[in-house]
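Working notes for the structure below.
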Amino acid sequence: MQKSEDINNQRLKERALLLYKASRLAIPINVVNGAIVFFVFWQVASDFYIITWTAALTVVSIVRIIISYYVIENFEHLDIQFGLKIFTVGTTLTGLIWGSLVFAIPIHGDTALYFSCVVFMLAGMTAGATSSSAAYLPAGLTFNIPALLALFTVFMMDGNTISYVMALVTVIYGLLITQFGTSAAKRTRELLHQKHIVETQSTDIKNQQTLMQEVLNTIGPGVAVYDENFNLTYWNQSLLTLMHIPHDWPDETKTMEDFIRLLAENGEYGDDEVEKIVKTRLDRLNAGGPVEPHRYDRERPDGRRVEIIGNPMKNGGMVTTYTDITDQHRHIEEIKYIADHDSLTGLVNRSVFQQQIENAIAQAKRTGALVSVYYLDLDHFKDVNDTLGHPTGDELLIAVARRIQETIRDTDTVARLGGDEFAVIGTNQKNIGDCVRLADRILKTLGEPYELTEATIQSGASIGVTLYPYDDSSPVEIASHADVALYKAKQSGRNKFAIFDDEMNKELLDRKAVEQDLVTAFENEEFVLFYQSQVDLESGTTIGAEALIRWNHPTRGLLTPANFLEVSEKARIISRITIWVIREAVAFLSRMRAAGHTDFRLSINLSADDFRNEELCDIIASTLKEYDVLANMFTIEITESMMITDLTAAIKMVQQLKEMGVTVAIDDFGVGYSSMSYLKDFAADVLKIDYIFIKDCLEGSENSRIVEGIINLGQSLEMTIVAEGIEEAGQAELLKKMGCETGQGYLFSKPVPEKEFIASLKT
């Protein structure tokens, strides 16, 4: 909380400093404008009024200038809130003074033009106040409200229709510049926020901090006001500075033609002849009809970019603003680059890659060429991260990206999709042979050893390919088909490529159908839990069970997890299935406890994706509490392969489960990698021997010796041993002899629905 307050105070201080620094230019301009008013309206307004008005403006301006310089010099020692209040008092007084000017000039008669000048000047002053006060919106409002309110009052007091319309225009203009001020203030706050982010980044990003500061220091657009005859009647110093115009240029009456000619001579409009440029632009201006609002940006000869906004005024003439948007434009380009490219390799990302597929197919339709899309991922890349560390893994990814770029043509596209996944678009290929040869070149190139900083690595890749127009699908589907082919390539032994074909398409369609049906399966309550007994080998009594999900599909019949779990993982539905299993299993335990089976234990299985669900342990805890089930009645089974996939996440989840009192079992033990080394780290409660060792477990056989070794290891770690896949009485007897406590398999019971399982307990 304190840190947040400190940040807010710091940002407020920065905004206040920006405000006072801007006033050092705005206030002198204010005085200059006051002097202009004095000399212009000397013969029109009352001598006493104009002298008093000028004196008041001068005194207030001088006091504000002194305060501004004092505040800036002593900024770190001043109360920021007090400094802002002083500033708004100054802007309020200045706004009142400028607003009072409209009472000095009659709105009609010979002075009508002068009154119009007052209106224009107030428009420019309020616009300038809004811009220069972008760092602190109330400062602009306290100037604009009294100034515009005075103008509104004069129009309303005049009492004719045109004046009422002008009063309404005044209100609308006030609302517009207020909205502009609000947007400018928001942008300033955002820029300050970005500046603080930049300050926390590395040295490379500090250049952006400098850029951001430059943006903050250049807030304040140039303004040019033209009357109905397009004479330049008002301008500010920002305009002259921004457009590199000599500050003494506007000393005499100038027109828009003069202004265009000067800019043309300075090369603002290109290399055409000056008079030709002037004529073209004036002809466009005098084409007939009222001047329309316009907005565009232009690159200046010095390379900077300026945004030009022209707005016609109600009574003729036009107000044009010039804003230096170079830094904003550069920042937008940088953001766009970051959004479109991978930060590690510099390759385009997935979204750009998808757009490039669309572009390539559109071009191929015109030329008749082939388009090949390749999906690649590195074989066993995770092993590199796990054994050599992520920095080495990142170095490998950079090297892979470079090799792919060197292998393809300049007209092709390579992207990093995420992790160790890359993609290539091959264009202008003449036949399938060209596509195959490119895939083969990529495989060979990526298979060469990598001389990295910390190690020499031999890696490889798997590639999935699809070809347009043979695969005449949508761009999104084509990308999906390449991914399917990649999966087939990895299944076939890795370091290979596979081309998408009709058989793969059939598998894809079937998978999509299953995926769609999964969504409605929850609504239709099609999932059900089956229970397979876990038996005490010594007594032969059922002491627990494993809950196994089944899908009662309306057309495909009863499906086991092998038919839908992989699809559910890819569709990101697996977590929802896991949560459903937890609730159903715990509810079953609650019913068993109510029936008197207080020592009964039930186990369920987790998927690899469940490790990434940080809320899963909380869900288990809350579900156990909801159904009033003891945690030690509930067992979570985790396979070795899942532990190896994400060791850190697995250890963390096991620790959380054990702290809750939930029993943790290592499932399918013996088929993973480095099995023995994980037992101590995980400190699991139960060790389940995989059925592959049980099925050929005969006394004296190699499998029997492996099983006996596993049992002895588990017992030394004080773990309960469960043998899966027991189908024969001889297997049960041998396991019991070896010291195995619990058995599971078809010898005792196949997985059955709840009613059948309960009935078996009674017998």
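The values are calculated or read from the model by the stated rules, or taken from the named source; none is laboratory data. Please read these numbers as outputs of a predicted model, since none were measured by experiment. Virtual Cβ from ideal backbone geometry, glycine too; neighbours counted across all protein chains shown.
Look at Val44 and say whether it is in the same structural domain as Thr88 (by TED's automatic domain parsing) and modelled with pLDDT of 75 or more.
no
Would you be able to tell me the number of residues in region 216-227 that are assigned to a loop (DSSP other than H, G, I, E, B) and at pLDDT 80 or above? Don't jump to the end; show me each part of the working.
Within region 216-227, the subset assigned to a loop (DSSP other than H, G, I, E, B) is 218-221, 227.
Checking which are at pLDDT 80 or above leaves us with 227.
Residues that pass the stated criteria total 1.
Say whether the condition of being surrounded by 16 or more Cβ atoms within 10 Å (Cβ to Cβ), within 22 Å of Ser238 (Cα to Cα) and either modelled with pLDDT under 80 or touching a strand residue (DSSP E or B) at 6+ places or on another chain (Cβ under 9 Å) (or both) is met by at least one residue in region 275-298.
No, because not a single residue in region 275-298 is surrounded by 16 or more Cβ atoms within 10 Å (Cβ to Cβ), within 22 Å of Ser238 (Cα to Cα) and either modelled with pLDDT under 80 or touching a strand residue (DSSP E or B) at 6+ places or on another chain (Cβ under 9 Å) (or both).
Any idea which residue in region 299-340 is surrounded by the most Cβ atoms within 10 Å (Cβ to Cβ), counting only those that are of a type in the set (Asp, Glu), touching a residue at least 60 places away in the same chain (Cβ under 8 Å) and part of a helix (DSSP H, G or I)?
The selected residue is Asp327.
Can you name the condition, by its number, that Ser343 falls short on among (1) assigned to a loop (DSSP other than H, G, I, E, B); (2) within 30 Å of Val165 (Cα to Cα); (3) without any contact (Cβ under 8 Å) to a residue 12 or more places away in the chain?
In the conditions (1) assigned to a loop (DSSP other than H, G, I, E, B); (2) within 30 Å of Val165 (Cα to Cα); (3) without any contact (Cβ under 8 Å) to a residue 12 or more places away in the chain, Ser343 misses (2) alone.
For a quick check of your reading of the model, give me the residue pairs whose first member lies in region 430-447 and is assigned to a helix (DSSP H, G or I), whose second is surrounded by fewer than 13 Cβ atoms within 10 Å (Cβ to Cβ), with beta-carbon atoms closer than 6 Å and at least 6 apart or on different chains.
Partner pairs satisfying both residue conditions: none exist.
Sort out which residues of region 733-747 are free of Cβ contacts under 8 Å to residues at least 12 places away in the same chain and either touching a strand residue (DSSP E or B) at 6+ places or on another chain (Cβ under 8 Å) or closer than 14 Å to Gly714 by Cα (or both), and write them in order of number.
If we filter region 733-747 for residues that are free of Cβ contacts under 8 Å to residues at least 12 places away in the same chain, which is where we start, we get 733, 737.
Of everything in region 733-747, nothing turns out to be free of Cβ contacts under 8 Å to residues at least 12 places away in the same chain and either touching a strand residue (DSSP E or B) at 6+ places or on another chain (Cβ under 8 Å) or closer than 14 Å to Gly714 by Cα (or both).
Could you check region 44-132 for helices (runs of 4 or more DSSP H) lying wholly inside it with 2 or more residues that are in contact with a strand residue (DSSP E or B) (Cβ under 8 Å, 6 or more places away or on another chain) and farther than 30 Å from Asn9 by Cα? Reasoning before the result, please.
On the way: elements: 47-73, 80-100, 112-132.
By residue number, 112-132.
Look at Ala362 and say whether it is among the hydrophobic types (A, V, I, L, M, F, W, C) and either without any contact (Cβ under 8 Å) to a residue 24 or more places away in the chain or not assigned by TED's automatic domain parsing to the domain that holds Leu417 (or both). Spell out how you get there, then give the answer.
Working: among the hydrophobic types (A, V, I, L, M, F, W, C): yes; either without any contact (Cβ under 8 Å) to a residue 24 or more places away in the chain or not assigned by TED's automatic domain parsing to the domain that holds Leu417 (or both): yes.
Considered against the rule, which asks whether it is among the hydrophobic types (A, V, I, L, M, F, W, C) and either without any contact (Cβ under 8 Å) to a residue 24 or more places away in the chain or not assigned by TED's automatic domain parsing to the domain that holds Leu417 (or both), Ala362 comes out as yes.
Could you identify the single residue in Gly83, Gly95, Gly109, Gly124 that is surrounded by 18 or more Cβ atoms within 10 Å (Cβ to Cβ), without any contact (Cβ under 8 Å) to a residue 60 or more places away in the chain and not assigned by TED's automatic domain parsing to the domain that holds Thr321? Give the steps one after another, and end with the answer.
Values: Gly83 fails: without any contact (Cβ under 8 Å) to a residue 60 or more places away in the chain; Gly109 fails: surrounded by 18 or more Cβ atoms within 10 Å (Cβ to Cβ); Gly124 fails: without any contact (Cβ under 8 Å) to a residue 60 or more places away in the chain.
Among Gly83, Gly95, Gly109, Gly124, only Gly95 is surrounded by 18 or more Cβ atoms within 10 Å (Cβ to Cβ), without any contact (Cβ under 8 Å) to a residue 60 or more places away in the chain and not assigned by TED's automatic domain parsing to the domain that holds Thr321.
Suppose the filter is under 26 Å from Arg576 (Cβ atoms) and acidic (Asp, Glu); does Glu454 pass it? Reasoning before the result, please.
Numbers: under 26 Å from Arg576 (Cβ atoms): no; acidic (Asp, Glu): yes.
No.
Would you tally the residues in region 238-275 being within 22 Å of Asp327 (Cβ to Cβ), of a type outside the set (A, V, I, L, M, F, W, C) and part of a helix (DSSP H, G or I)?
Of the residues in region 238-275, 2 are within 22 Å of Asp327 (Cβ to Cβ), of a type outside the set (A, V, I, L, M, F, W, C) and part of a helix (DSSP H, G or I).
For every residue, the table says whether it meets (1) modelled with pLDDT under 90; (2) of a type outside the set (S, T, N, Q).
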residue	(1), (2)
Thr411	yes, no
Glu421	no, yes
Ile425	no, yes
Gln429	yes, no
Lys444	no, yes
Glu454	yes, yes
Ser473	yes, no
Leu508	yes, yes
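Can you tell me which residues in region 614-636 are surrounded by 13 or more Cβ atoms within 10 Å (Cβ to Cβ) and either under 15 Å from Gln655 (Cα atoms) or in contact with a strand residue (DSSP E or B) (Cβ under 8 Å, 6 or more places away or on another chain) (or both)?
Leu616, Cys617, Ile620, Ala621, Leu624, Ala631, Asn632, Met633, Phe634, Thr635, Ile636
Could you say whether any residue in region 573-593 is over 28 Å from the mean Cα position of the chain (by Cα), more than 22 Å from Phe748 (Cα to Cα) and not in a helix (DSSP H, G or I)?
no
Pairs needed: first member in region 222-237, under 11 Å from Thr320 (Cα atoms); second member anywhere, charged (D, E, K, R) and surrounded by fewer than 22 Cβ atoms within 10 Å (Cβ to Cβ); C-beta distance under 8 Å; at least 6 residues apart or different chains.
Close Cβ pairs (under 8 Å, with a partner that is charged (D, E, K, R) and surrounded by fewer than 22 Cβ atoms within 10 Å (Cβ to Cβ)) amount to Leu232/Lys254; Leu232/Asp258.
Whether any residue in region 550-564 is part of a strand (DSSP E or B) and either under 29 Å from Ile721 (Cα atoms) or basic (Lys, Arg) (or both) is what I want to check. Break it down into steps so the answer makes sense when it comes.
Within region 550-564, the subset part of a strand (DSSP E or B) is 550-553, 557-559.
If we keep only those that are either under 29 Å from Ile721 (Cα atoms) or basic (Lys, Arg) (or both) too, we end up with 550.
Scanning region 550-564, I find at least one residue that is part of a strand (DSSP E or B) and either under 29 Å from Ile721 (Cα atoms) or basic (Lys, Arg) (or both), so the answer is yes.
Restricting to region 166-186, and then to whatever is surrounded by fewer than 17 Cβ atoms within 10 Å (Cβ to Cβ) and either free of Cβ contacts under 8 Å to residues at least 24 places away in the same chain or not in a helix (DSSP H, G or I) (or both), can you tell me which residue is nearest to the chain's Cα centre (by Cα)?
Restricting to residues being surrounded by fewer than 17 Cβ atoms within 10 Å (Cβ to Cβ) and either free of Cβ contacts under 8 Å to residues at least 24 places away in the same chain or not in a helix (DSSP H, G or I) (or both), the top hit is Lys186.
Just give me the residues in region 243-270 being among the polar types (S, T, N, Q) and either closer than 15 Å to Phe230 by Cα or surrounded by 18 or more Cβ atoms within 10 Å (Cβ to Cβ) (or both), in sequence order.
The initial filter retains those residues of region 243-270 that are among the polar types (S, T, N, Q), namely 253, 255, 266.
Scanning region 243-270 gives Thr253, Thr255.
Restricting to region 64-96, give me the number of residues that are charged (D, E, K, R) and within 41 Å of the chain's Cα centre (by Cα).
Within region 64-96, the first condition is being charged (D, E, K, R), and the residues that meet it are 64, 73, 76, 79, 85.
From what is left, the residues that are within 41 Å of the chain's Cα centre (by Cα) are 76, 79, 85.
Result for region 64-96: 3.
From (1) touching a helix residue (DSSP H, G or I) at 6+ places or on another chain (Cβ under 9 Å); (2) surrounded by 15 or more Cβ atoms within 10 Å (Cβ to Cβ); (3) assigned by TED's automatic domain parsing to the domain that holds Asn231, pick out the condition that doesn't hold for Thr345.
Evaluating Thr345 over (1) touching a helix residue (DSSP H, G or I) at 6+ places or on another chain (Cβ under 9 Å); (2) surrounded by 15 or more Cβ atoms within 10 Å (Cβ to Cβ); (3) assigned by TED's automatic domain parsing to the domain that holds Asn231 leaves (3) as the failure.
I'd like the full set of residues that are of a type in the set (S, T, N, Q) and within 18 Å of Asp685 (Cβ to Cβ), limited to region 582-623. It would help to see each step written out before you state the result.
Step one: list which residues in region 582-623 are of a type in the set (S, T, N, Q), which gives 590, 598, 603, 605, 607, 613, 622-623.
Correct list: Ser603, Asn605.
Tell me whether region 392-415 contains one or more residues that are surrounded by fewer than 15 Cβ atoms within 10 Å (Cβ to Cβ) and in contact (Cβ under 8 Å) with a residue 60 or more places away in the chain.
Within region 392-415, none of the residues are surrounded by fewer than 15 Cβ atoms within 10 Å (Cβ to Cβ) and in contact (Cβ under 8 Å) with a residue 60 or more places away in the chain.
Val373 - would you say it is surrounded by 14 or more Cβ atoms within 10 Å (Cβ to Cβ), among the aliphatic types (A, V, I, L, M) and either in a helix (DSSP H, G or I) or modelled with pLDDT of 90 or more (or both)? Working first, answer last.
Numbers: surrounded by 14 or more Cβ atoms within 10 Å (Cβ to Cβ): yes; among the aliphatic types (A, V, I, L, M): yes; either in a helix (DSSP H, G or I) or modelled with pLDDT of 90 or more (or both): yes.
So Val373 fits the description; yes.
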